[in-house]
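Structure, as structure tokens:
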Amino acid sequence: MKKSRVLVVAGVALLATGVLAACSSKSSDSTAPKNYGYVYSADPETLDYLISGKQSTKIATSNGIDGLFTNDKYGNLVPAVAEDWSVSKDGLTYTYKIRKGVKWMTSDGEEYAEVTAKDFVNGLKHAADKKSEALYLAEDSVKGLADYKAGNNKDFSSVGVKAVDDYTLEYTLNQPEPYWNSKMAYSIFWPLNEDFEKSKGADFAKATDPTSLLYNGPFLLKGLTAKSSIEFAKNENYWDKDNVHIDKVTLAFYDGSDQESIERNFTSGAYSYARLFPTSSNYSKVEETYKENIFYTPSGPGVFGLGVNIDRQSYKYTSKTTDEEKSSTKKALLNKDFRQALNFAFDRTSYSAQVNGKEGAPLAVRNLFVKPDFVSAGEKTFGDLVTDKMAAYGDEWKNVNFADGQDGLFNADKAKAEFAKAKTALEAEGVKFPIHLDIPVDQTAKNYIARIQSFKQSVETVLGEGNVVIDIQQISKDELNNITYYAANAAAEDWDLSGAVGWNPDYEDPSTYLDILKTTNSEQTKTYMGYDDPANAAAAQVGLKEYDKLVDEAAKETNDLNVRYEKYAAAQAWLTDSSLFLPAMSGSGAAPFISRVVPFTASYSQSGDKGSDVYFKYIQLQDKVVTKADYEQAREKWLKEKKESNEKVQKELTNHVK
């Protein structure tokens, strides 16, 4: 999942989003645990938070560096390095007052400098100069940045980010973006001390060296040992240290080979909570031990699914033996009816059951790329808007329920009907059946293999093995990463379908999902669809330029959010009909957990890099294991408080217009 912000262990998000856990009887401060422990799944390639969009970097840096805003436990954006802010009436100029006394600290806890507005300017310049993976979040928004990136203007001082003085930062935008502030919780907009950067030179942000960064956040990165552990300590000089309740954080490397180790380490006290796997061999014993404590978290905003490679170039990991088989597969994947047949033949409930068990299986099912309730237009959710648009795409989309928590797409009759159309057209092109589809998997990740085997079974059963064969390629974790997550270019994306694909939103707007699949976002299209050239012939053949137009048209609407969401729903409808990405599961949540994390103390966010999956600032711990009853009671209380808090903050937004 290149640039994905979902923490993945063999395709399974292990962290509960936002609402980690709850209990109505927390420990007193004197007895509450102060050490937080859990797992991580991939070592960072770099600690440069400004250029990397990968979750492996986020997990190591999001606690160490704060930007202008963070998220509170209700999902509100609250000031961090920014003490206050204002926006001009035309929505084009944002001015931030930088909090005085925020310090840059070394990993050893020594004061280096004060954080100033200049650090934010330098951070964005660094991101642009180094061609950040996340530059797409800024280049079309900040005035002059696209020209600077393209080399048309080599003077960064002409770009719309300025340090008016040490404590005043100003951004000038190309057009209004009502969701602009939510982007400030994403790492590409975080500060960087220029003197420190220059002093480190090529050693700046080295993946294995905590001393290669400065820190202004709640924790200092103290240690990082490859495939072993990541360690943090509380930053005693943090400006808001009273809201940091943990002294030490230790994350242990987990490769997915021993699911039961998570619960064992929770029981021993090493981990603060545990994601459970109902299909594991000892689950009945765990269920008996923790029968009053197992609770299911709500589904998160992230999404996992299967990418479709429309222009495969490498065949190192394949079961195909002839050029004819390679050609037939490529032609089949370029046929929309064939892709739709796969989409409708995909039993997502069974897929989810391989990791969540029968009871929890439906809870995690996702039917759209954009979370259906991510935003709303009046009384209609985004999913409702998409449903309205889908009717125009054919009878196969009538009466399809796109809501989360149920499998609205799996339909054997529709799958067979679409396949029949595809087979007739493909045979006329000389395609030979069965079509062989390679899917690579990490050979150590048991539940990942089980899910892909479930996909294989449902597709081959519905469509017939004489028509489609799913060839599972079991390879090492490093091999899998090298041809998916860390693939250097499209030619290295060695697969027909990939389950190593997922996304977590960066900011509060549907564009955060849909923009990434535009043909111009080569880093993403490489990972999702196997091509990295906007002029790619296969991309043109499947109509992705039409998708570009729909997304661009939606982006132009900045005055009426309801109209904006309608237009993005049209883009999502096109994407759904295309079946170029097969959504499968929620990226996190909707899974069973046991926990010692106190009542909804974690930060909550649908987007950005300050959600509970990577940010530990507000978390409090307790001695006793949370009970399911306490969790449900606390969740109801939190939902009520969240609604009231969000409404209050929304009303106060007008006070910032100057």
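General observations
- Any chance residue 230 is under 17 Å from residue 52 (Cβ atoms), assigned to a helix (DSSP H, G or I) and under 25 Å from the mean Cα position of the chain (by Cα): no
- Residue 430, sole failed condition from (1) of a type outside the set (S, T, N, Q); (2) crowded, with 24+ Cβ neighbours inside 10 Å; (3) not in a helix (DSSP H, G or I): (2)
- The set of residues in segment 55-92 that are charged (D, E, K, R), open to solvent by 10 Å² or more (accessible area, probe 1.4 Å) and in a loop (DSSP other than H, G, I, E, B) comprises 72, 73, 89, 90.
- Scanning segment 98-126 for residues that are touching a helix residue (DSSP H, G or I) at 6+ places or on another chain (Cβ under 9 Å) and either among the aliphatic types (A, V, I, L, M) or more than 23 Å from residue 63 (Cβ to Cβ) (or both) turns up 98, 113, 118, 121, 124, 125.
- Residue pairs meeting the criteria (Cβ under 7 Å; at least 6 apart or on separate chains; first closer than 16 Å to residue 522 by Cα, in segment 475-500; second of a type in the set (Lys, Arg)): 485/2; 487/526; 489/526; 490/526; 493/526
- Whichever residue in segment 381-404 is of a type in the set (Val, Ile, Thr) and part of a helix (DSSP H, G or I) and, among such residues, is least open to solvent (accessible area, probe 1.4 Å): 386
- Residue, farthest from residue 565 (Cα to Cα), within segment 169-180, restricted to residues that are more than 22 Å from the chain's Cα centre (by Cα) and open to solvent by 10 Å² or more (accessible area, probe 1.4 Å): 170
- Verdict on residue 374 being within 23 Å of the chain's Cα centre (by Cα) and at negative phi: yes
For every residue, the table says whether it meets (1) surrounded by 14 or more Cβ atoms within 10 Å (Cβ to Cβ); (2) in contact with a Gly (Cβ under 7 Å, 6 or more places away or on another chain); (3) under 30 Å from residue 109 (Cβ atoms).
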position	(1), (2), (3)
150	no, no, no
166	yes, no, yes
182	yes, yes, no
203	no, no, yes
210	yes, yes, yes
216	yes, no, yes
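- Residue match in segment 476-496 (condition: in a strand (DSSP E or B), open to solvent by less than 10 Å² (accessible area, probe 1.4 Å) and not hydrophobic (A, V, I, L, M, F, W, C)): no
- On the stretch given as segment 135-170, residues that are assigned to a loop (DSSP other than H, G, I, E, B) and not basic (Lys, Arg) total 13.
- All conditions but one from (1) among the β-branched types (Val, Ile, Thr); (2) under 28 Å from the mean Cα position of the chain (by Cα); (3) part of a helix (DSSP H, G or I) apply to residue 424; the one that does not is (2).
- Comparison of 642, 624, 648, 549 shows that the only residue that is surrounded by fewer than 24 Cβ atoms within 10 Å (Cβ to Cβ) and either part of a loop (DSSP other than H, G, I, E, B) or touching a Pro at 6+ places or on another chain (Cβ under 7 Å) (or both) is 624.
- Filter result for the condition that a residue is of a type in the set (Ser, Thr, Tyr) and surrounded by fewer than 17 Cβ atoms within 10 Å (Cβ to Cβ), over 290, 315, 283, 351: 315
- Selected residue (only one of 251, 220 is over 30 Å from residue 451 (Cα atoms) and either in contact (Cβ under 8 Å) with a residue 12 or more places away in the chain or surrounded by 15 or more Cβ atoms within 10 Å (Cβ to Cβ) (or both)): 220
- Residues within segment 262-271 that are more than 17 Å from residue 230 (Cβ to Cβ) and either of a type outside the set (Asp, Glu) or in contact with a Gly (Cβ under 7 Å, 6 or more places away or on another chain) (or both), tallied: 5
The values are calculated or read from the model by the stated rules, or taken from the named source; none is laboratory data. The model shown is predicted, which means the values in this text are computed figures rather than measured ones. Cβ atoms come from the backbone with ideal geometry, glycine included; neighbour counts cover every protein chain shown. Keep in mind that these areas ignore ligands, DNA and RNA; they rest on the heavy atoms of the full protein, side chains included. Shrake-Rupley method; radii C 1.70, N 1.55, O 1.52, S 1.80 Å.
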